[in-house]
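Remarks on the structure that follows.
The values are calculated or read from the model by the stated rules, or taken from the named source; none is laboratory data. None of the values given here were measured: they were computed from a predicted structure. A quick note on method: Cβ atoms are made from the backbone with ideal geometry, for glycine too, and the neighbour counts reach across all protein chains shown. These accessible areas exclude ligands, DNA and RNA; they are computed on the full protein's heavy atoms, side chains included. Shrake-Rupley method; radii C 1.70, N 1.55, O 1.52, S 1.80 Å.
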Amino acid sequence: MRFVSYIARRIIGIFGVLLGVSLITFFISHALPADPAAAALSSHASNEQVAQYRRDLGLDRPVVEQYVTYLGGLLRGDFGRSIRTQRPVIDDLRAFLPATVELSLGALLVAVFLGIPLGVLSSLSRNRLPDHFVRLFSLLGGSVPIFFLGLLLISVFYNQLGWFPAGGRIDTFVTPPPHVTGLFVLDSILAGDMDALKSSLHHLILPSFTLGYYSTAVTARMTRSSMLEVLGQDYVRTARAKGLPQRIVVARHALRNALVPIITVVGILFGSLLSGAVLTETVFSWPGLGGYATTSATGVDFPAVMGVTVIAAMLFPVLSMLVDLLYTRLDPRITTS
Amino acid sequence: MVSRRNSTPYFLRNPLTVIGLAVLGAFALCALLAPVIAPYDPLADELSKRLRPPSPEFWLGSDSLGRDLFSRLVFGARISLFVGVFVVVTAGVFGSLIGVLAGYAGGLVEEALMRVTDVFFAFPSLILAMAIAAALGRSLLNTMIAIAVVTWPVYARLVRGQVLSLREREYVTAARSLGAPTGRIIFKHLLPNSLGPILVNASLDMGGAILAAAGLSFIGFGAAPPTPEWGVMVSEGRQFLVTHLWLPLYPGIAILLVVAAFNLIGDGLRDTLDPQLRGRR
């Protein structure tokens with residue numbers, strides 16, 4: 001029962017965030033100087049044409065009324081109509097979201113499967129060469145501009161070595177897999193299409209590493225310090241004293257207990273990947289939400305920008321709820337109360 | 001606190017921190033003395049000398065308009081460091097005030113303030129900054145405002161947490177029982193004692209703000225050409241990636257170095273202020 005009320009409270013909280021986020025984005029897009037009508041029409045449009053356009057969009061009504069209409073639409077899954085593409089924003093979001101989700105999952109996999117082993121290696125070789133190497137790797141990951149990293153990787157692995165493609169999700173001569181989830185890698189597996197799978201994985205590697213490097217660095221650091229803390233505990237010494245092999249001590253005793261703070265960090269990082277995705281998608285011509293947001297913002301297409309912002313902002317509280325629920329599985333001492 | 005047994009302050013005993021300070025010092029010097037250090041006007045183009053490789057005439061080469069890359073980098077240090085300071089000071093002051101108010105007032109005020117903070121915290125920073133920059137128009141000032149808007153919630157949370165634990169300390173109770181007004185308690189007792197974590201965060205956020213501003217400029221929402229802003233320079237150099245790699249390379253490395261310096265200093269501060277962490281990081 002307590003669990004149900006906990007979930008209910010969290011979901012109410014998420015609606016609170018939705019209310020706030022939509023209010024702020026709405027305020028930004030309606031109270032600030034940029035005029036979407038003027039931006040959408042050409043500079044030759046007459047004043048009457050602009051006025052007519054504003055009436056069509058409902059921009060001439062009181063702001064409060066506009067907001068209530070917008071919020072009502074949001075709750076029904078209606079994000080309004082994009083000024084630029086003239087399509088419902090929700091359709092655009094549906095079209096662009098899968099590419100961004102695929103990229104973010106790729107980055108997350110890099111962070112987990114590269115970051116955690118590096119962190120463990122670093123903690124086990126504290127203050128020796130591998131440790132210094134991992135710490136330098138982490139420092140660079142926390143400091144390199146993501147767009148610069150993307151360009152460097154393209155320069156080395158596409159221009160110089162020719163190992164990976166410089167952009168896009170799949171080779172132009174390969175037919176994308178039939179749409180099921182919209183994730184090319186997953187859809188190719190579902191369709192059993194090896195060519196599409198190979199091509200889409202090939203395209204995914206550089207962007208995933210670019211987007212995931214920062215998260216990998218943070219995960220490695222967090223893993224290192226969490227492992228160092230756990231490795232100093234009595235039960236680890238006991239396990240060693242019992243003569244258990246290093247492998248077992250590290251995997252069963254240390255890493256499992258070090259995992260709780262690591263999961264928190266990974267959850268937070270996943271929620272924040274979207275900002276980096278904007279830059280990564282720009283560099284790799286990746287047809288996702290980030291690119292959509294950039295073009296929309298350039299064209300002062302506010303219904304579209306608001307749609308992306310609301311979706312992205314909801315991601316954070318939803319993920320943090322999932323992470324908290326995951327804790328209660330991992331560590332029985334943590335309860336939902 | 002700093003141990004007195006060794007005459008060097010603990011903060012400076014970590015070689016990485018010292019490296020960070022040195023790198024930052026070099027860039028700060030460039031920023032302050034830019035007109036003296038830069039051999040050319042960063043905006044002066046000379047098309048007959050475009051795309052020259054690094055040479056004694058142009059130390060780091062010249063760009064597609066014949067402008068001296070080194071001079072542009074030196075002036076770019078002014079912009080990036082200013083962005084970092086502006087964002088962190090604005091966001092830090094505003095966020096700390098909200099946090100101290102929430103933590104000290106408690107009750108409904110705290111609840112309301114922290115819910116607002118949560119909302120801003122949930123925003124994807126770059127996308128909100130893009131929306132703000134798009135609405136306000138493309139300029140460096142608008143970029144800095146946009147980044148500050150997404151940075152302050154961290155300070156509000158941090159300071160509130162500090163105040164919640166400090167509020168019950170004896171010296172605060174003592175001050176209150178002596179009849180000290182709320183303002184005095186906040187500014188003399190609560191804020192100064194929360195300063196440590198704020199400083200650590202501020203140092204790390206300097207790097208974050210510089211990265212965000214460069215990123216926004218790179219995709220066309222920040223400083224506009226011909227400003228010698230590093231993100232703009234990487235973006236301009238992008239089309240010469242194959243033929244003239246140094247054009248995007250040097251400004252990219254400049255950003256990397258400054259941000260790394262702030263990160264090293266932030267780590268050093270954290271180690272100094274949190275003795276439990278000493279030697280573990």
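Data table
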| item | result |
| --- | --- |
| Between segment A:225-270 and segment B:6-50, the alpha-carbon center distance in angstrom | 41 Å |
| Simple spin-label estimate for A:Leu330 and A:Arg252 in nanometres, 7 Å along Cα-Cβ | 2.1 nm |
| Loop chymotrypsin sites (Phe, Trp or Tyr not before Pro), segment A:160-261, which have at most 11 other Cβ atoms in a 10 Å radius of their Cβ (DSSP) | A:Trp163, A:Phe173 |
| Range in chain A, longest, excluding exposed trypsin sites (Lys or Arg not before Pro) [loop by DSSP; at most 11 other beta-carbon atoms within 10 Å] | A:129-241 |
| 10 Å Cβ neighbours from other chains, averaged over peptide B:214-220 | 6 |
| Where A:Phe27, A:Phe147 fall by accessible area, highest first, once all protein chains stay in place (1.4 Å) | A:Phe27, A:Phe147 |
| Tilt relative to chain B, helix B:69-105 - C-alpha long axis, 0 to 90 degrees, to 10 | 20 degrees |
| Using θ = phi - 60° and Karplus 6.51 cos²θ - 1.76 cosθ + 1.60, couplings along segment B:209-225 (whole Hz; Gly, Pro as x) | 5, 5, 4, 5, 5, 5, x, 4, 5, 4, 8, x, 10, x, 4, 9, x |
| Helix B:107-122 axis, angle to chain B major axis (alpha carbon atoms, nearest 10°) | 20 degrees |
| Tilt relative to chain A, helix A:47-57 - C-alpha long axis, 0 to 90 degrees, to 10 | 50 degrees |
| Built amide H within the under 5 Å cut-off of A:Ser82, gap 5+ | A:Arg87, A:Val89 |
| FRET efficiency for B:Val36 and B:Phe240, using Cβ-Cβ distance with R0 set to 25 Å, rounded to 0.05 | 0.30 |
| Rounded, prolate or oblate (a/c below 1.5 giving rounded, otherwise prolate when a/b exceeds b/c) for the protein assembly as shown by Cα gyration tensor | rounded |
| Å² per residue, accessible surface of chain B at 1.4 Å | 44 Å² |
| Cut-off under 5 Å, modelled amide H: who pairs with B:Asp41 long-range | none |
| Average accessible area per residue (Å²) across chain A - probe 1.4 Å, nucleic acids and ligands excluded | 49 Å² |
| Solution diffusion estimate, µm²/s, Stokes-Einstein, chain B, Kirkwood Rh from C-alpha pairs, 10 °C, viscosity 1.306 mPa s | 76 µm²/s |
| Under the Karplus curve 6.51 cos²θ - 1.76 cosθ + 1.60, θ = phi - 60°, whole-Hz ³J(HN,Hα) for segment B:149-159, x wherever Gly or Pro sits | 4, 8, 9, 4, x, 4, 5, 4, 5, 4, 5 |
| Area of B:Glu46 that stays accessible when all protein chains are in place (1.4 Å probe, Å², to 10) | 90 Å² |
| Spatially proximal aspartates and glutamates relative to B:Lys49 (Cα-Cα < 13 Å; intrachain offsets below 8 disregarded) | B:Glu57, B:Asp63, B:Asp68 |
| For the pair B and A, total buried accessible area rounded to nearest 100 Å², probe 1.4 Å | 3900 Å² |
| Segment B:Lys188-B:Leu29, extension gain: residue separation times 0.36 nm, minus the distance between their alpha carbons | 53.9 nm |
| Pairwise label distance in nanometres, A:Asp56 with B:Ala44, each label 7 Å out on the Cα-Cβ vector | 5.2 nm |
| Complex-versus-alone comparison for segment B:106-126, residues with a loss of 40 Å² or more in accessible area, probe 1.4 Å | B:Val119, B:Ala122, B:Phe123, B:Pro124, B:Leu126 |
| Environment charge of A:Leu183, counting only residues whose C-beta is closer than 12 Å and scoring Lys/Arg +1, Asp/Glu -1 | -1 |
| Cut-off 14 Å between beta-carbons: net charge of the residues surrounding A:Leu274, Lys and Arg +1, Asp and Glu -1 | -2 |
